[in-house]
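What follows draws every value from the coordinates through simple rules; no lab data is involved. None of the values given here were measured: they were computed from a predicted structure. Neighbour counts are summed over all protein chains in view; Cβ atoms, including those assigned to glycine, are modelled from backbone coordinates with ideal geometry.
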Amino acid sequence: MVAEHGLPETLILNGEQRIRKIAEQFGMDYLGVTVSRDTTLQMTPRGDLETVWGTDRVPDEAVVFVTEMPRLYSLPVGAGRDRSSRERVVIAELDRERGAAVISLPALGPSPRRRLGNFIATVVSALNDSSTEPFERTRGLLVVRDGDTEYVLATSNFGRIRLTAGMVRGNRPWRLIPTLTGMTAAAAAAASFGIFFSTIWSMANALSPWRLAAISILSMILASLWLIVNNRLWQRTADTPRQRARLYNTATVCTVAFSAVVLYAGLFIATLIAAMTVIDETFLSSQLGFQAGLNNYLQLAWLATSMGIFAGALGSSADSHDDVLRATYGYRERLRRRASESATRGEMSESR
């Protein structure tokens, strides 16, 4: 097994016992796992496998590479069971000449642990028997041969949704709060403003739940837009093919939006606790002119959090671009974006 650094490495190392049983099931010995930090898999399918394993095959050895990189393949119109020319999601690539296979982890969805084990077993079976029958028996899969490489494709549109969800899972957006200290500090400071100023108390209790909900949604949308635009997270079609750019941008929007929701939820809980600790119920009642209760604290925390979340996005400007990438993308996607930015800067330098 060869695994990229990040989520593939974690899943493979945690599932080594199962992989060992899969190898024994096919009369093979499990030789262990190698973690690769530098492999990028940006070449053609045949070149990808040569990049990882070289040109010579070791007799009686099967190598399975697990990558975070999403893979797409343009299926010709009318090929197999598919009648569309739209690019299809590649779940795996097999090169029998080298006894090697690549599994794209994002294509397995947001909960890949169980599916990865099952797919490794299917891949090993296909390499061991030199047959694609294990894949052909599975509904929703299509095997297409192109040169020495066999592509295992997801034929349904749900495969693209699963791929996007898998990319978001690999990006681990819940790391936003501990990583982006500038954003978190600005959000907390703005939310604290709402706790200590009685004008915000009155405003929060004057607003209806529908209006508070609209404000919170608007704040998360604006925060997400600011993070994407200010940190150059949007993939341009000038740099990337349209279908792939659309895929990357969809995953980016979902990742950043999820990050904003996580930050909002964490900030709301912290603000509510702070408000109930700092503001005495009797004093709050005297300021509002009626008997205050838990509902009033909730409304106050709701409005204060909405104020804080957008201020936090502005505060992300104090965080480095690398910190933003680390908080919103997995290891593999960060490498791809750095390489893309380096190539763009190189082209601009040459044009000058």
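List of remarks:
- Each residue of the range 183-188 was assigned a 3J(HN,Hα) from its phi angle through the Karplus expression (A = 6.51, B = -1.76, C = 1.60, θ = phi - 60°), giving 5, 5, 5, 5, 5, 5 Hz with x at Gly and Pro.
- Proximity of backbone amide H atoms, modeled 1.01 Å from N, is registered between LEU72 and VAL90 at under 5 Å, excluding neighbours fewer than 5 places apart on the same chain.
- Where trypsin sites (Lys or Arg not before Pro) fall in DSSP loop in the range 110-170, at most 14 other Cβ within 10 Å: ARG137, ARG139
- Cα centroid separation, the range 106-171 to the range 247-262: 24 Å.
- Hz values of 3J(HN,Hα) by residue in the range 255-271 - Karplus curve (6.51, -1.76, 1.60), Gly and Pro given as x: 5, 5, 5, 5, 4, 5, 5, 4, 5, 4, 5, x, 5, 4, 5, 5, 5
- Neighbour cut-off at most 14 other Cβ (10 Å), DSSP loop, chymotrypsin sites (Phe, Trp or Tyr not before Pro), the range 265-304: PHE290
- Pairwise label distance in nanometres, LEU222 with GLU16, each label 7 Å out on the Cα-Cβ vector: 5.1
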